[in-house]
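The values are calculated or read from the model by the stated rules, or taken from the named source; none is laboratory data. Since this is a predicted model, take the numbers as computed values, not measurements. Note that each Cβ is placed from the backbone with ideal geometry, even for glycine, and that neighbours are counted across all protein chains shown. Heads up: the accessible areas ignore ligands, DNA and RNA and are worked out on the full protein's heavy atoms, side chains in. Shrake-Rupley method; radii C 1.70, N 1.55, O 1.52, S 1.80 Å.
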Amino acid sequence: MPATHFIERIQARILDIATIRPHKLSFGAISQQSPVIVQLWLSNGASGFGEAATIGGPSWNEESPESILHAINEHLAPALLGTDGTRAGQALALMDTRCRGNAFAKSAVEMALIDALARTLGVPAWQLLGGKRHESLPLAWTLASGDVQRDLEEAHLRLEQKRHRIFKMKIGARAPEADLAHVSQIARGLEGHATLTVDVNQAWDGNTARRFLPRMIDAGVTLIEQPVAKWNVEALKTLTTALGDRASIMADETVCTPQDAMRLAREQACHVFSLKVAKHGGLLRTRAVAEIAEAADIGWYGGTMLETSLGSAASAHVFSTLGTQHHGCELFGPQLLVDDIVTERMPIVDFELQLPDGPGLGIEIDPERLERFDRARQGLNATHVDLGRRTLTV
Ligand code: MUC
Ligand code: MG
């Protein structure tokens with residue numbers, strides 16, 4: 001009989017970490033990330049860490065750091081305490097019965113559980129996720145300062161440093177003509193040295209997308225992310241059919257659950273899925289969505305919610321297990337933050353992120369930094385409940 005290790009304690013907290021510059025998206029600019037960090041202890045003494053980050057509070061989708069913290073403290077942790085921690089799939093099913101939706105909150109808990117389990121077994125998390133198929137992945141950077149000169153300086157520096165040669169531009173906040181001018185200037189400045197993606201973050205209607213995307217492609221863009229609202233699968237499909245021989249259309253906000261993935265696959269409504277551990281509800285469900293992609297001849301891209309090195313490493317573990325039909329990844333969250341919570345970041349060598357080995361998620365959390373960035377400790381919002389020990393931090 002394999003050993004049973006009960007879930008003994010779960011602690012969640014919000015951190016506040018500034019970004020190195022404002023990051024401008026179609027719905028606003030962010031200058032701080034507020035990831036929720038979970039630590040989960042098993043009865044054998046092992047513990048693991050998980051993270052869920054949102055972008056712009058609840059601007060990117062429904063969940064916010066505060067709602068994630070609430071869902072974990074009030075619903076998910078009480079459901080899991082005392083249950084068998086060696087059954088991650090069962091833990092997910094239990095969380096589903098106690099709490100609908102709330103994929104980000106569930107993903108942080110599942111990540112911590114898988115880290116603790118992998119550490120218990122002394123293996124890297126990727127071994128529990130099907131086994132590694134990639135040692136490294138091409139790493140994109142997002143140009144989102146809002147200023148052409150600054151974007152170009154950033155891109156040239158990163159090319160020189162051999163860190164990034166895939167650049168994503170955030171558009172949709174300004175008039176499409178202004179975005180087109182911005183993208184065209186950047187494309188001219190980087191011609192022959194980099195590949196370009198645009199992420200519209202749902203800002204355009206179908207007609208605007210049909211008019212402006214061909215001109216973005218003429219300018220040099222090869223990958224187009226979420227040009228229309230998440231519900232607008234019809235328009236996504238039309239664009240995929242019309243532009244398919246010239247560029248790839250990528251779904252991001254539209255593809256969260258395996259059911260979303262099935263619909264897009266059935267309708268052949270995009271060429272690529274942007275995979276994100278948080279929106280899929282964990283590492284195991286990221287694999288479920290990726291498997292639907294593979295079966296439907298849809299490619300994958302390793303997306304980010306601008307996590308610290310903790311969430312980025314967890315994403316790297318699951319991405320390392322996926323197939324060959326990929327467009328690289330954008331796990332650059334740590335580089336956008338002024339500081340981190342790990343002792344050592346994943347290295348970037350020759351434009352590629354090196355995927356971590358070592359037990360669990362393969363990174364070590366720095367407890368001093370965890371305390372320093374803790375929102376409750378900074379006195380901004382004292383909502384840090386420690387379940388298991390039932391202590392309340394104020
Ligand atoms: C998104 O929608 O892809 C990820 C990278 C970035 O720059 O913004 C995010 C959100
Ligand atoms: Mg996106």
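Being closer than 28 Å to residue 335 by Cα, in contact with a His (Cβ under 6 Å, 6 or more places away or on another chain) and in a strand (DSSP E or B) holds for only one residue in 30, 20, 37, and it is 30.
Which of the residues that make up segment 349-367 are in a strand (DSSP E or B) and under 16 Å from residue 314 (Cα atoms)? Correct list: 353, 354, 360, 365.
To keep it simple, each residue is scored yes or no on (1) within 16 Å of ligand 2 (Cβ to nearest atom); (2) assigned by TED's automatic domain parsing to the domain that holds residue 291.
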{"position": "108", "(1), (2)": "no, no"}
{"position": "114", "(1), (2)": "no, no"}
{"position": "118", "(1), (2)": "no, no"}
{"position": "133", "(1), (2)": "no, yes"}
{"position": "136", "(1), (2)": "no, yes"}
{"position": "142", "(1), (2)": "yes, yes"}
{"position": "145", "(1), (2)": "no, yes"}
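I need the full set of residues from segment 179-196 which are exposed (fewer than 13 other Cβ atoms within 10 Å of the Cβ) and in a helix (DSSP H, G or I), in order please. Once the filter is applied, which keeps residues that are exposed (fewer than 13 other Cβ atoms within 10 Å of the Cβ) and in a helix (DSSP H, G or I), segment 179-196 yields only 188. If I filter segment 15-35 for residues that are closer than 19 Å to residue 121 by Cα, of a type in the set (A, V, I, L, M) and open to solvent by less than 30 Å² (accessible area, probe 1.4 Å), do I get at least one hit? No.
Select from segment 300-330 the residues that are more than 11 Å from ligand 1 (Cβ to nearest atom) and assigned to a loop (DSSP other than H, G, I, E, B) and write down the one among them that is surrounded by the most Cβ atoms within 10 Å (Cβ to Cβ).
Residues of segment 300-330 that are more than 11 Å from ligand 1 (Cβ to nearest atom), as a first pass: 300, 308-328.
Right, trim to assigned to a loop (DSSP other than H, G, I, E, B) and you get 308, 320-325.
Working: 308: 27, 320: 25, 321: 21, 322: 23, 323: 13, 324: 9, 325: 14.
By that ranking, first place goes to 308.
In the set 120, 222, 195, which member is away from ligand 1 (no atom under 16 Å from the Cβ), under 18 Å from residue 301 (Cβ atoms) and among the polar types (S, T, N, Q)?
Working: 120 fails: under 18 Å from residue 301 (Cβ atoms); 195 fails: away from ligand 1 (no atom under 16 Å from the Cβ).
The match here is 222.
Of everything listed in (1) open to solvent by less than 20 Å² (accessible area, probe 1.4 Å); (2) out of contact with any Gly (no Cβ under 8 Å at 6 or more places or on another chain), the single unmet condition for residue 52 is (2). Pairing residues of segment 5-30 that are among the basic types (Lys, Arg) with residues that are within 16 Å of ligand 2 (Cβ to nearest atom) and open to solvent by 10 Å² or more (accessible area, probe 1.4 Å), at Cβ distances under 7 Å and at least 6 apart in sequence or on separate chains, gives 24/170; 24/173.
The condition of being open to solvent by less than 50 Å² (accessible area, probe 1.4 Å), in contact with a Phe, Trp or Tyr (Cβ under 9 Å, 6 or more places away or on another chain) and more than 19 Å from residue 38 (Cα to Cα) holds for only one of 269, 290, 296, 278, that being 290.
Scoring residue 204 on the criteria (1) within 16 Å of ligand 1 (Cβ to nearest atom); (2) out of contact with any Pro (no Cβ under 6 Å at 6 or more places or on another chain) leaves a single failure, condition (2).
Regarding segment 83-91, can at least one residue be identified that is in contact with a strand residue (DSSP E or B) (Cβ under 9 Å, 6 or more places away or on another chain), part of a loop (DSSP other than H, G, I, E, B), buried (at least 24 other Cβ atoms within 10 Å of the Cβ) and not aromatic (Phe, Trp, Tyr)? Show your work before the answer.
Step one: list which residues in segment 83-91 are in contact with a strand residue (DSSP E or B) (Cβ under 9 Å, 6 or more places away or on another chain), which gives 83-86, 90-91.
Going one step further and asking which of them are part of a loop (DSSP other than H, G, I, E, B), we end up with 83, 85-86.
Now drop any that are not buried (at least 24 other Cβ atoms within 10 Å of the Cβ), which leaves 85.
Remaining after also requiring not aromatic (Phe, Trp, Tyr): 85.
Yes, segment 83-91 contains at least one residue that is in contact with a strand residue (DSSP E or B) (Cβ under 9 Å, 6 or more places away or on another chain), part of a loop (DSSP other than H, G, I, E, B), buried (at least 24 other Cβ atoms within 10 Å of the Cβ) and not aromatic (Phe, Trp, Tyr).
Given the condition over 18 Å from residue 227 (Cβ atoms), touching a residue at least 60 places away in the same chain (Cβ under 8 Å) and assigned by TED's automatic domain parsing to the domain that holds residue 274, answer yes or no: does some residue in segment 166-174 qualify?
Residues of segment 166-174 over 18 Å from residue 227 (Cβ atoms): 166.
Add one more test, that the residue is touching a residue at least 60 places away in the same chain (Cβ under 8 Å), and what stays is 166.
When the remaining residues are screened for being assigned by TED's automatic domain parsing to the domain that holds residue 274, the result is 166.
So far as segment 166-174 goes, yes, one or more of its residues are over 18 Å from residue 227 (Cβ atoms), touching a residue at least 60 places away in the same chain (Cβ under 8 Å) and assigned by TED's automatic domain parsing to the domain that holds residue 274.
Of the listed requirements (1) over 20 Å from residue 376 (Cα atoms); (2) in contact with a strand residue (DSSP E or B) (Cβ under 6 Å, 6 or more places away or on another chain); (3) surrounded by 17 or more Cβ atoms within 10 Å (Cβ to Cβ); (4) of a type outside the set (Phe, Trp, Tyr), residue 4 misses just one: (3). Within segment 224-248, being within 14 Å of ligand 2 (Cβ to nearest atom) and touching a Lys or Arg at 6+ places or on another chain (Cβ under 9 Å) holds for one residue alone: 225.
Taken as a whole, segment 243-266 holds no residue that is of a type in the set (Val, Ile, Thr), open to solvent by less than 10 Å² (accessible area, probe 1.4 Å), part of a helix (DSSP H, G or I) and in contact (Cβ under 8 Å) with a residue 24 or more places away in the chain. Just the residues that are within 24 Å of residue 59 (Cβ to Cβ) and in a helix (DSSP H, G or I), please, taken from segment 197-238. Within segment 197-238, 206, 208, 209, 212, 213, 216, 233, 235, 236 meet the criteria.
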